[in-house]
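In what follows, a single structure is set out as structure tokens and then discussed.
The values are calculated or read from the model by the stated rules, or taken from the named source; none is laboratory data. Small disclaimer: the values here were computed from a predicted structure and weren't measured. So basically every Cβ, Gly included, is an ideal-geometry build from the backbone, and we count neighbours across all protein chains shown.
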Amino acid sequence: MSTIAPKFRLSYFIKSITDNAFWAVLLLTLIGIPFVMVILFYLQLPVLGKRLLDPYLALTTLADPSRQIPLIKSLLQTEFFKIAAFPGFGFAALLAAGTIFVERKMLAKLQLRVGPFYCGKIEGILQLMSDGIKLLSKEIIIPAKADKPIFWAAPVLFVATAAAFVSLIPAARGGWVVADADVGLLAVFAVIGFFPVITVLSAWSANSKFPFIGGIRALHQMVSFEIPLILSVLGVVILTGTLNLTEIVESQYTYWWIIFLPIGAIVFFIAMLAELERIPFDLPEAESEIVAGWLTEFSGMMYGLVQLGSYLKLYAFAGLFVVLFLGGWSGPNIWPPFPQEIIDKGIEMGPITLRLPGLPLLDQQMLNDVLWFVVKVVGVIFFILLPRGVFPRIRIDLLLHIGWYKLIGLAFVNIFIALALVYAGVLGPGGIL
Amino acid sequence: MSTTSLPPGLQIEKVDERIMTLNVGPQHPGSGHMRIIVKIDGDYIVDADPDPGYVHRGEEKMAEYRNYIQNIPHLERPVIHDSCNVLYPYCLGVEELLGISVPERAKYIRVIASELNRCVYTQYWLAIYGIFLGHSTMFMWPAGDRELLIDMLEKMTGARVTHAYFVPGGVRNDVPANFEDMLLKRVNYFEKRIKEYAAIFYDNPILISRTRDAGKLSREDAIRLGTTGSVLRASGVDYDLRVKEPYDAYGELDIKVNTLKEGDAYARSKIPWLDMLESCNIIRQALQKMPKSGSVRVKLKPNPKGGNDEVYKRVESGRGSLGCYVVSRSTAEPYRVKMSVGSFRNLICMPYLLKGEKLGNMPAVYWSLNYWPVEADR
């Protein structure tokens, strides 16, 4: 076996290119074209403006961009767009990426250093991308005695569960939510209930001591903080009389529930920090005690997936806090209205004068809602990140003490406040009387 | 496995099935250059066995093959952040062996360099204590603030760490021009900065709830186990070599010895911080009393030889009493150099302190012992 590279010859090089081109053409004609024809035969093509959207019509949009507008509008109304892009995964992943950047820069400023600085010219804005490429290109090492199927599945399940959590959070009025369930809040807690199971499965399947201890810690922490988390939300449910998250937001158009239930909001926030394994409750990943806790044996993109999942979870929890206590998307109308002239006549654009009627793609109300929702979510995320700069890690017995004694007691106080508000007639089910 | 298949003389250790053995280190973020074999029952530590020796470099043996001057740079390697203090007892011992008296100005410069070095070391120690408790800001702040004093030491000695500044007979070179103003400015700012640590770290309710009553060492046990330095003072023993056995210019300075009665991890972590504040006072006093001019070094003969004599000198380093025993046999090289270090003496009480503690307290108790693995291994 020689390690010396063979001598370069131009004729071989040209031959290899022509060989590859030959096989590409052959495979494309033999497999590709029949495959495309089968798809076109079975696919139900949409009808736009009383015309079937065949591939020919789709290609003509290249010549006339104004024809794309109904196409894009119809795409915006599909379920696929909701799941993949706006209130679902893409939007959450974008906010999560922003969160990671802001966390690193903010923490750096707090600690008198610069943080990511070089990658991407402007304040290290591409650092996350380079980290992602690094994680993708790293080797995935699996412990020899690990339970391989479960160990492989755990990061994927973690991201999937986090994405399921994201799908329940409404972002704007008019059905901008992936799954608008009538039992939305119950569904949220059902999804949250999966996290400890996945954590302890991944920790146990690694067959290693430090992940095992971390997994047991995560199990203790998540299970014991789920109870105050659920109890603190009961106050909101009593006042609104619904479990539907969209309706809970609609009940807060005049007053936010944090005004009437501040104790519930505080309990929810602290329990949320524990569920997210953020400092001071990062015991399952306590570095100086148990290396990296239940993440110890993950390497490469498996670790990256768990990180992605945990930041999606962070966004979803912040969104849930906003929906329950901070009035969701409600806020004054500050988005400028779109000029009527453009909607009717269109704007001129491009080197060849071209009129594009039918803009905007999204209405003013929805954009205003999304703006307020994002502003509030970013605010809550800021307060989730802040303790990392000022608190040390807590110990497991103190953690359980806080969870079982203090927070549950405060959550019951919160429920009594809500009941008192209802029975005194100040507030009734469904909002302000 | 049956015991018959084992080679003669070996037997399998009988361990309760509930007990899990954790090898914390040497490749563990919370161990330093050592290993702690921890046996845990649930979350409680039933046995902790520190296993140092991973960074043994044979400094003492190396000293036997080099003459008195050549020994200076490598004898400070055990604690490069605290290099002046590590070298201090050796220099004092060699001066006594060779019969040299140090100029008055050099004595004060030594005190200043030694106190600056103590602050530099303690800041590093505090940074690691912060990150061991999961407090990343407490890692960055001390690590940044010690740069001030490191820059000052660089101006004085020419090196950021491993200064090789103390030599038998004084200090290697005189202080730079405008030294007093620079030093006073830095020390005052440094004092202001470390007072801010109280708000974020020492008065932090989570830190107090976590380290209070963790790894409690009573006054009697502290004396019986032979601890020294901040560990001893945190258990309420008023013992500081700078006051009890004053060396060089320390006898002429007014030094307050910080003691706390609790003897827990919190008190042990607070004493070095209080010592840093006291160091600032000492530096200001020394600057006032220092002679403004004069020689800073007695010229030695090349390759000096000691008589048939032996000497033991000790100083108060950042980690407690640090002694150096030098034996001379009328040759240019020392016959034997033995260092007695505070780190190792404090490590001895670790199994006693960790027994019965929770696993979460392990880093807090371990690092509160003011232990530097490289110094213990020498």
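Here are the numbers for this structure:
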| read-out | value |
| --- | --- |
| Candidate set from segment B:40-51 (those that are away from chain A (no Cβ under 12 Å) and surrounded by fewer than 20 Cβ atoms within 10 Å (Cβ to Cβ)); member that is nearest to the chain's Cα centre (by Cα) | B:D51 |
| Checklist (1) closer than 24 Å to A:L326 by Cα; (2) at pLDDT below 90; (3) among the aliphatic types (A, V, I, L, M) applied to A:L110, failing item | (1) |
| Single residue of segment B:115-135 satisfying the filter (among the aromatic types (F, W, Y) and within 14 Å of another protein chain (Cβ to nearest Cβ)) that is farthest from the chain's Cα centre (by Cα) | B:F132 |
| Exclusive hit being touching a Leu at 6+ places or on another chain (Cβ under 7 Å) and over 21 Å from B:A286 (Cα atoms), set B:P73, B:P78, B:P89, B:P52 | B:P52 |
| Restricting segment A:99-131 to residues that are within 17 Å of A:L312 (Cβ to Cβ) and buried (at least 17 other Cβ atoms within 10 Å of the Cβ), the residue that is nearest to the chain's Cα centre (by Cα) | A:T99 |
| Of residues in segment B:113-160 being closer than 19 Å to B:T211 by Cα and outside any helix (DSSP H, G or I), the one modelled with the lowest pLDDT | B:G134 |
| Enumeration of residues in segment A:397-408 that are within 10 Å of another protein chain (Cβ to nearest Cβ) and out of contact with any helix residue (DSSP H, G or I) (no Cβ under 9 Å at 6 or more places or on another chain) | A:H401 |
| Single unsatisfied condition, A:F210 versus (1) crowded, with 24+ Cβ neighbours inside 10 Å; (2) assigned to a helix (DSSP H, G or I) | (1) |
| Residue among B:R242, B:R186, B:R212 that alone is surrounded by fewer than 16 Cβ atoms within 10 Å (Cβ to Cβ) and either of a type outside the set (G, A, S) or modelled with pLDDT of 90 or more (or both) | B:R212 |
| Count of segment B:266-279 residues which are within 16 Å of B:D82 (Cα to Cα) and more than 14 Å from the chain's Cα centre (by Cα) | 1 |
| Those residues of segment B:270-324 which are under 13 Å from B:R118 (Cβ atoms) and either among the β-branched types (V, I, T) or assigned to a loop (DSSP other than H, G, I, E, B) (or both), in sequence order | B:I271, B:I282, B:I283, B:V315, B:G318, B:R319 |
| Qualifying positions in segment A:64-106 - part of a loop (DSSP other than H, G, I, E, B) and closer than 20 Å to A:L308 by Cα | A:A85, A:F86, A:P87, A:G88 |
| Positions within segment A:38-75 being surrounded by 10 or more Cβ atoms within 10 Å (Cβ to Cβ) and farther than 27 Å from A:L362 by Cα, in sequence order | A:V38, A:L40 |
| Residue count, segment A:99-119 (criterion: touching a residue at least 60 places away in the same chain (Cβ under 8 Å) and away from chain B (no Cβ under 14 Å)) | 3 |
| All positions within segment A:116-169 that are of a type in the set (D, E) and on the phi < 0 side of the Ramachandran plot | A:D131, A:E139, A:D147 |
| Answer residue from segment B:321-360, given it is away from chain A (no Cβ under 14 Å) and small (G, A, S) and is surrounded by the fewest Cβ atoms within 10 Å (Cβ to Cβ) among those | B:S330 |
| From the options A:I381, A:I394, residue that is away from every other protein chain (no Cβ under 12 Å) and surrounded by 20 or more Cβ atoms within 10 Å (Cβ to Cβ) | A:I381 |
| Residue within segment A:398-413 that is in contact with a Gly (Cβ under 7 Å, 6 or more places away or on another chain), outside any loop (DSSP other than H, G, I, E, B) and under 29 Å from A:M106 (Cβ atoms) present | no |
| Residue check, B:T228 within 14 Å of another protein chain (Cβ to nearest Cβ), polar (S, T, N, Q) and under 20 Å from B:D275 (Cβ atoms) | no |
| For A:Q221: the one exception among (1) in contact (Cβ under 8 Å) with a residue 12 or more places away in the chain; (2) more than 14 Å from chain B (Cβ to nearest Cβ); (3) of a type outside the set (A, V, I, L, M, F, W, C) | (2) |
| Residue ranges of helices (runs of 4 or more DSSP H) in segment A:231-297 with at least 1 members away from chain B (no Cβ under 14 Å) and either farther than 22 Å from A:F194 by Cβ or in contact (Cβ under 8 Å) with a residue 12 or more places away in the chain (or both) | A:245-250, A:257-260, A:262-275 |
| Yes/no for B:V86 being within 26 Å of B:G30 (Cα to Cα) and β-branched (V, I, T) | yes |
| A:I334 vs. criteria at negative phi, in contact (Cβ under 8 Å) with a residue 60 or more places away in the chain and aliphatic (A, V, I, L, M) | no |
| Boolean, A:F80 is without any contact (Cβ under 8 Å) to a residue 12 or more places away in the chain and more than 36 Å from the chain's Cα centre (by Cα) | no |
